[in-house]
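These notes concern the structure reproduced below.
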Amino acid sequence: MKTIKIGIVGTGSIANAAHIPAYLKNPHVDIVAIAETDPEIRAGARDTLTEKTGHPVSTFTNAIELFASGEVDAVSIATPNRSHVELAAAAVESGHHVLLEKPMAFTLEDADRLRAAAESSDRVVMIGQSHRYRDDVTALKRFADAGALGHVYHAEARLVRRRGTPTGWFTDQAWAGGGPLMDIGVHALDLAWWLMGKPEPVRASGRLTRAIGADPVDFSGRWRAKMPHNQDNAIYSTEDFATALIRFQDGATLSLTVSWTSNGPQDESLKVNVYGDQGGLQLEPPTLYSTAHHVLTDTVLPVKMGPLFQNEIDHFVECIRKRQSPISPVADGHTVARMLVAIAKSSERGEEVSVG
Ligand SMILES: NC(=O)c1ccc[n+]([C@@H]2O[C@H](COP(=O)([O-])OP(=O)(O)OC[C@H]3O[C@@H](n4cnc5c(N)ncnc54)[C@H](O)[C@@H]3O)[C@@H](O)[C@H]2O)c1
């Protein structure tokens, strides 16, 4: 099969940390073009890619012109959240395979729009729910899919940092669509819901609050957006803490708590527990809880997180080559967006709401 030609849309932090290095290691693809609105970032990415690929790459300011150029077969979209659906829908509609960064969408209208575009196309459209591509998660999911948990009735998902607010557009509601709920909550919620077996959500109760806000402290790491906008977090219009309870059609529940900043222990890792009547699972460390011969049994899987972004990109490429449906499809992104929107709506109204 011929080499798949890749375009990178948005060559900022995650593109450089994850997408570009992973494509460079995949033998079936070649990065041939980029679209990037910021001139300095665009020039930097062009130079890096020219050096790393050994050939010139085409550069575009406007992604729509890249899609119209006919130069690429597939694109990674790694722009700030507010342009995700507009760009992904345009890419699919112009015949491209798409890997779209999370969160897929933060409004129901946008989620519907991308689902419709993906459903009326034969292209691969995959959402970058990178935690699904961890080796430890893949191993746990095998047990869950084989019925090791029995009837799943509850899950907990949590990522609570002491200090770790990303810099830049992330704290600007207009660009991000939400704070930790849309940034890390989307990972926690997606992963727990997927490990539960994707029950149908019906009701949500949520509370989003900005309790601490911008409180830069020394000696503490944080994700840095590359786009120059709001690098000092002067605009802080999102929440910094979100908690929620989702009710599913089968009676199961999921509790979610995420925070960029809190006065508790520093914890950068995603915690997920799934409880079933026959067994349970825990992500950190990857453990299965069951009983055998009336004895409590813990099985710790000797599997590490692994190279999740390489796994994710390799899977995207494999899906294109084999015309397979991805592990993280738009349909799942749509359901997760419905839950995220309901959590935010419940917080605004101060009461439990239906998941739309
Ligand atoms: N999967 C993960 O774990 C993970 C981790 C970090 C970020 N992300 C996601 O990746 C996305 C990008 O985040 P980031 O931290 O790389 O931000 P960033 O600011 O570092 O990079 C975004 C880039 O997109 C460019 N851009 C903005 N609008 C554009 C447009 N319309 N067309 C082309 N380029 C445009 C910006 O100039 C910037 O260079 C976000 O949606 C974020 O949620 C995912």
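The values are calculated or read from the model by the stated rules, or taken from the named source; none is laboratory data. Not measured: the values here are computed from a predicted model. Cβ: placed from backbone, ideal geometry, glycine included. Neighbour counts: every protein chain shown.
Data overview
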{"quantity": "Test: Ser346 is of a type in the set (Gly, Ala, Ser), surrounded by 17 or more Cβ atoms within 10 Å (Cβ to Cβ) and in a helix (DSSP H, G or I)", "calculated": "yes"}
{"quantity": "Selected residue (only one of Val274, Val295, Val258 is more than 28 Å from Val217 (Cβ to Cβ) and surrounded by 13 or more Cβ atoms within 10 Å (Cβ to Cβ))", "calculated": "Val274"}
{"quantity": "Counted residues, the range 88-109 - those being part of a helix (DSSP H, G or I) and crowded, with 23+ Cβ neighbours inside 10 Å", "calculated": "3"}
{"quantity": "Residue match in the range 123-130 (condition: assigned to a strand (DSSP E or B), among the small types (Gly, Ala, Ser) and within 11 Å of the ligand (Cβ to nearest atom))", "calculated": "yes"}
{"quantity": "All positions within the range 27-39 that are buried (at least 17 other Cβ atoms within 10 Å of the Cβ) and more than 9 Å from the ligand (Cβ to nearest atom)", "calculated": "Val29, Asp30, Ile31, Val32, Ala33"}
{"quantity": "Long-range neighbours under 8 Å by Cβ, at least six apart or interchain, first residue farther than 17 Å from Ala337 by Cα within the range 126-138, second near the ligand (Cβ under 10 Å from one of its atoms) and part of a helix (DSSP H, G or I)", "calculated": "Tyr133/Leu308; Tyr133/Phe309; Tyr133/Glu312; Arg134/Leu308; Asp135/Leu308; Val137/His131"}
{"quantity": "Single match in Gly350, Gly280, Gly306 (criterion: at pLDDT 95 or above, in contact with a Leu (Cβ under 8 Å, 6 or more places away or on another chain) and either basic (Lys, Arg) or more than 30 Å from Glu119 (Cα to Cα) (or both))", "calculated": "Gly280"}
{"quantity": "Number of the condition not met by Lys226 [criteria: (1) away from the ligand (no atom under 11 Å from the Cβ); (2) in contact (Cβ under 8 Å) with a residue 24 or more places away in the chain; (3) charged (D, E, K, R)]", "calculated": "(1)"}
{"quantity": "Failed item, numbered, when Thr138 is tested on (1) more than 12 Å from the ligand (Cβ to nearest atom); (2) among the polar types (S, T, N, Q); (3) under 30 Å from Ile4 (Cβ atoms); (4) outside the structural domain of Pro216 (by TED's automatic domain parsing)", "calculated": "(4)"}
{"quantity": "Test: Glu200 is acidic (Asp, Glu), touching a residue at least 40 places away in the same chain (Cβ under 8 Å) and either within 16 Å of the ligand (Cβ to nearest atom) or buried (at least 23 other Cβ atoms within 10 Å of the Cβ) (or both)", "calculated": "no"}
{"quantity": "The lone exception for Ile77 - which of (1) farther than 23 Å from Asp122 by Cβ; (2) within 9 Å of the ligand (Cβ to nearest atom) it fails", "calculated": "(1)"}
{"quantity": "Residues within the range 190-212 that are among the aliphatic types (A, V, I, L, M), more than 20 Å from the chain's Cα centre (by Cα) and not in a loop (DSSP other than H, G, I, E, B), tallied", "calculated": "2"}
{"quantity": "Among residues of the range 277-288, those that are surrounded by fewer than 19 Cβ atoms within 10 Å (Cβ to Cβ) and outside any loop (DSSP other than H, G, I, E, B), counted", "calculated": "2"}
{"quantity": "Every residue from the range 41-60 that is within 9 Å of the ligand (Cβ to nearest atom) and part of a helix (DSSP H, G or I)", "calculated": "Ile41, Arg42, Ala45"}
{"quantity": "Hey, Val72 at pLDDT 95 or above, more than 10 Å from the ligand (Cβ to nearest atom), buried (at least 16 other Cβ atoms within 10 Å of the Cβ) and not in a strand (DSSP E or B) or not", "calculated": "yes"}
